[in-house]
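Chemist: Take this structure, written in structure tokens, and hold onto it; I'll ask about it next.
The values are calculated or read from the model by the stated rules, or taken from the named source; none is laboratory data. Note that this is a predicted model, so its numbers are computed, not measured. Note: ideal-geometry Cβ built from the backbone for every residue, glycine included; neighbour counts use all protein chains shown. What goes into the accessible areas is simple: the full protein's heavy atoms, side chains included, and nothing from ligands, DNA or RNA. Shrake-Rupley method; radii C 1.70, N 1.55, O 1.52, S 1.80 Å.
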Amino acid sequence: DSNPLNAGANLYLNGNLVTDLVIPNSITDIPDYAFSNCTSLTSVTIPENAQLTSIGDYAFYKTAITQITLPYGLKTIGQNVFRGTKLTTVTIRVPDERVEPHLWRQAECHHPGLRPEYQYADQHSVR
């Protein structure tokens with residue numbers, strides 16, 4: 001695997017252990033295995049106006065994240081993205097109630113029993 005993060009168990013930035021990560025608005029793709037096995041990673045924030053459209057296979061595999069909110073523009077979630085995490089809450093932002101989000105169907109077989117909350121553009125939520 002060509003991803004240097006996949007070889008380590010933790011993520012360091014300027015010598016500091018990273019536990020909380022904010023995905024910049026300009027990122028469009030989180031590649032396969034991006035944060036896989038970064039067991040120190042407990043929090044990932046994806047801004048509401050993020051340009052993120054794709055999360056690759058095993059991107060957050062075996063991290064310690066407990067919750068995540070997926071942005072409106074996200075179109076694909078790879079295989080086993082959340083397998084081995086401590087995820088208890090997933091919020092999926094969708095444009096309106098008429099849209100049947102396919103995203104969770106892509107991921108739910110990889111984290112059985114966890115059901116997402118859908119947050120619509122008008123800000124109300126439904127589980």
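Chemist: Rank by packing, highest mean first: peptides 68-81, 41-54, with packing defined as the count of other Cβ atoms within 10 Å averaged across residues.
Modeler: Result, highest mean Cβ count within 10 Å first: 68-81, 41-54.
Chemist: So for the stretch 7-91, averaging the separation of alpha carbon pairs under 8 Å that are six or more residues apart and normalising by length, what relative contact order in percent results?
Modeler: Reported as a whole number, the value is 27 percent.
Chemist: Ignoring ligands, DNA and RNA, what accessible area per residue does the stretch 28-98 give at 1.4 Å, in Å²?
Modeler: Result: 42 Å² of accessible area for each residue.
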